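In what follows, a single structure is set out as structure tokens and then discussed.
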Amino acid sequence: MGSRFYVQHMTGEQVAATDAMVNMDTLGLGPTQVWGSHSDRLLVGALGYVAKTLNAPVSIVDVEQVGSADSEQFAARNIPRITIHSLTQKLWEAHIIHTSKDRISAMRLDDYYETYRLLAAYLTFLDQIAKGPTGLTIP
């Protein structure tokens, strides 16, 4: 609800000034994943490039059966988006998310750190290559 409210109240100027939305959701339950079917291909390509450079694991795991993500609201305004997560169907079926099992002990801290390391480099990379309203270019 918060992302919907936020995006609905963005002015045209704010939308035009937004190069991308990077959504980080449900991190640390396993290795870094990206929701490929609901992410901009250039943003996914940039993540793959950074991951390869760092020798960091990342894979595409689409989670349509699980629900939605905050990034969808941005797509409705034609803002490129990417959702990075650690959820798999097996983890979803384990009923960890939004239950009494949803606590720090469910996290895999090594995976969480690897995702943090990748995201820190990825966001720095995106910040360096952003070209304003013309979008992103990936080397």
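Observations, loosely collected:
- Whichever residue in region 1-33 is of a type in the set (Gly, Ala, Ser) and assigned to a loop (DSSP other than H, G, I, E, B) and, among such residues, is surrounded by the fewest Cβ atoms within 10 Å (Cβ to Cβ): Ala17
- Subset tally (residues that are of a type outside the set (Gly, Ala, Ser) and touching a residue at least 60 places away in the same chain (Cβ under 8 Å)) for region 19-56: 18
- The set of residues from region 52-85 being exposed (fewer than 14 other Cβ atoms within 10 Å of the Cβ), more than 30 Å from Thr11 (Cα to Cα) and hydrophobic (A, V, I, L, M, F, W, C) comprises just one member, Ile60.
- Number of the exception - Ala56 against (1) modelled with pLDDT under 70; (2) part of a loop (DSSP other than H, G, I, E, B); (3) farther than 17 Å from Asp25 by Cβ: (1)
- Residue match in region 88-108 (condition: farther than 14 Å from Val22 by Cβ, modelled with pLDDT of 90 or more and surrounded by 13 or more Cβ atoms within 10 Å (Cβ to Cβ)): no
The values are calculated or read from the model by the stated rules, or taken from the named source; none is laboratory data. All values reported here derive from a predicted model rather than from experimental measurement. Heads up, the Cβs are rebuilt from the backbone with ideal geometry, glycines too, and the neighbour counts pull from every protein chain shown.
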